[in-house]
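Engineer: Have a look at this one before I ask anything.
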Amino acid sequence: MLNTGILVTLKLLGYIIKNRRRVNIFSIVIAIIWTLAILTSLVYNINNITKKQHHLVLEHAKNAFEKDLMFRRWVAMHGGVYVFPTKKTPPSPYLAHIPNRDLETTMGDKLTLMNPAYTLRELMENFSGMYGEKGHITSLKLLNPNNKPDEWEIKALKGFDAKKYTQTHEIYNYKGSKHLRYMRALVVKPSCLKCHAHQGYIVGNTRGGVSITIPMKKYRNDGILEKKNVIYLHLIILILSFIIGIITYKKVLLIIEKELKVEKELYHKDKLLFEQSKMASMGEMIGNIAHQWRQPLNAISLTSNNLSFKCMMDDVDNKLFQKELGLIEGYAQYLSKTIDDFRNFIKGDRTKSIFILINTINNFKNLVDSSIKNNYLNVIFDIDKDIKINGYENELIQCLINIFNNAKDILVEKEIEDKFIFISTSVKDNKAIIKIKDNAGGIPKDILPKIFEPYFTTKHQSLGTGLGLHITYNLIVDGMNGTIEANNVKFKYNGNKYTGAEFVISLTMS
């Protein structure tokens with residue numbers, strides 16, 4: 001009993017550890033996956049913010065260019081504008097070839113012509129946008145040397161001339177900080193020829209381009225603020241997720257502990273049911289053994305008395321003496337075999353092993369042999385000799401005894417004259433099939449679905465506990481991963497028709 005208790009405790013402890021370990025592994029995996037998902041979302045959103053800032057500054061540069069272009073077109077549409085000459089806007093020497101560059105009003109005021117490039121450069125030099133953008137009109141064929149392009153603008157202008165693109169942009173370190181440089185080509189229009197025809201341009205040529213330079217600092221600061229908000233949001237989500245996860249984890253552990261407590265109680269209950277069923281079988285088998293021993297013991301007693309009498313009469317024949325001793329030895333071996341079968345059944349060895357089914361059937365037959373004789377049963381065996389099973393032999397014997405006892409009891413109760421029990425084995429789809437059927441008329445349809453339930457019995461309380469078939473079901477299904485089912489069948493035997501219950505057990509072969 002102590003060893004059994006230790007085994008039960010170890011089994012339950014292993015089951016708890018196994019389930020808790022699964023929960024821990026599952027929780028860690030979920031936590032890692034969720035953390036990676038949060039990090040992925042964070043990286044994705046930060047990259048989107050960076051892309052959005054780049055898109056905004058590029059759109060800003062394009063809008064600035066469009067504004068400058070519209071202003072330039074307006075000036076070109078009017079052929080230039082006349083302004084009062086000042087130190088900032090003196091007469092342009094680069095427009096000296098244009099007639100009426102300088103005019104005098106009827107009031108005597110002097111005016112000088114500013115062409116589109118002149119006015120646009122003046123606008124760009126004296127005014128900048130709210131984000132500090134600066135424009136620059138330039139060309140590879142300069143009319144005014146003050147419009148000389150820098151290295152980046154030269155590269156862009158050459159790309160325009162090579163027809164690679166009509167606009168380009170880049171973010172890089174410019175004058176010590178990150179700037180966006182944007183440039184778009186200027187195409188010669190008819191209104192441009194007034195000032196640039198002498199340079200050989202015709203309508204449709206690339207005259208040069210306008211570059212827009214915008215510092216990234218303001219956009220970068222706005223992006224950093226937005227990125228911080230996104231980081232804080234993801235951090236809050238992650239912390240809340242872990243809090244919820246820990247609460248859920250603890251609740252799951254509590255549920256598992258409750259389930260394990262219930263399973264432990266069920267385990268002990270099933271163990272008790274099994275022991276009760278086994279004790280009931282033991283009681284019956286002790287009666288069987290007593291009956292089985294009575295005849296051999298009587299024979300031994302008679303044989304020994306006969307030998308004793310012959311010895312007293314000095315009428316002992318050596319051959320007869322040896323024969324009588326052989327009989328006594330045979331009876332003793334029979335008694336010993338009966339004791340071994342009973343002992344193997346009683347000790348409840350639950351070691352999984354590969355066993356030959358026909359030997360198990362024979363052991364079962366020896367245990368119920370006296371019951372067969374006492375109740376005048378005809379037990380018909382049809383056994384396949386080559387079936388091997390990997391399972392618990394002793395528990396299978398218990399199942400066979402339970403089913404046999406049910407069949408015997410109903411046959412005796414109904415006082416059937418020719419009492420038959422058929423036991424056969426076969427192989428189907430690599431499964432060992434054991435069939436046990438009787439000719440007791442079958443199980444009523446209304447109780448057939450309930451026969452494997454605990455404490456369900458149709459017998460008087462003094463005759464049955466309702467545990468046998470329930471234990472049998474648990475041993476076959478839970479203990480050996482097999483199946484068991486019961487049905488009513490009609491069959492013929494020796495030309496006679498019978499109806500009875502048939503139990504079919506299916507077990508995995510070795």
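Engineer: Condition test on residue 414, is it under 16 Å from residue 353 (Cβ atoms), at pLDDT 90 or above and of a type outside the set (A, V, I, L, M, F, W, C)?
Structural biologist: no
For (1) part of a loop (DSSP other than H, G, I, E, B); (2) in contact (Cβ under 8 Å) with a residue 60 or more places away in the chain; (3) over 25 Å from residue 491 (Cα atoms); (4) open to solvent by 20 Å² or more (accessible area, probe 1.4 Å), each residue gets a yes or a no:
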residue	(1), (2), (3), (4)
386	yes, no, yes, yes
390	no, yes, yes, yes
399	no, yes, no, no
407	no, yes, no, no
415	yes, no, no, yes
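Residue by residue, here is whether (1) open to solvent by 50 Å² or more (accessible area, probe 1.4 Å); (2) over 24 Å from residue 125 (Cβ atoms); (3) modelled with pLDDT of 80 or more; (4) not in a helix (DSSP H, G or I) holds:
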site	(1), (2), (3), (4)
159	no, yes, yes, no
173	yes, no, yes, yes
185	no, no, yes, yes
193	yes, yes, no, no
213	no, no, yes, yes
227	yes, yes, yes, no
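Engineer: Would you be able to tell me the number of residues in region 303-361 that are modelled with pLDDT of 70 or more, among the basic types (Lys, Arg) and either open to solvent by less than 40 Å² (accessible area, probe 1.4 Å) or under 30 Å from residue 426 (Cβ atoms) (or both)?
Structural biologist: 1
Engineer: Hey, another quick one. Quick check on region 91-105: of everything there that is of a type outside the set (A, V, I, L, M, F, W, C) and in a loop (DSSP other than H, G, I, E, B), which residue is least open to solvent (accessible area, probe 1.4 Å)?
Structural biologist: Applying the filter and picking the extreme gives 92.
Engineer: Still on this structure, I have one more. If you scan region 77-111, which residues turn out to be among the hydrophobic types (A, V, I, L, M, F, W, C) and under 20 Å from residue 126 (Cβ atoms)?
Structural biologist: If the condition is that a residue be among the hydrophobic types (A, V, I, L, M, F, W, C) and under 20 Å from residue 126 (Cβ atoms), then 81, 83, 84, 95, 111 are the ones that fit.
Engineer: Let me ask another. Looking only at region 473-510, count how many residues are more than 18 Å from residue 411 (Cβ to Cβ) and hydroxyl-bearing (Ser, Thr, Tyr).
Structural biologist: Of the residues in region 473-510, 5 are more than 18 Å from residue 411 (Cβ to Cβ) and hydroxyl-bearing (Ser, Thr, Tyr).
Engineer: Determine which member of the set 62, 88, 67 is open to solvent by 50 Å² or more (accessible area, probe 1.4 Å), touching a residue at least 12 places away in the same chain (Cβ under 8 Å), out of contact with any strand residue (DSSP E or B) (no Cβ under 6 Å at 6 or more places or on another chain) and assigned to a helix (DSSP H, G or I).
Structural biologist: 62
The values are calculated or read from the model by the stated rules, or taken from the named source; none is laboratory data. Because the structure is a prediction, the values reported are computed rather than measured. Cβ sites come from the backbone with ideal geometry, for glycine too, and all protein chains shown count toward neighbours. When the accessible area is computed, the model is the full protein with side chains, heavy atoms only, and any ligands, DNA or RNA have been set aside. Shrake-Rupley method; radii C 1.70, N 1.55, O 1.52, S 1.80 Å.
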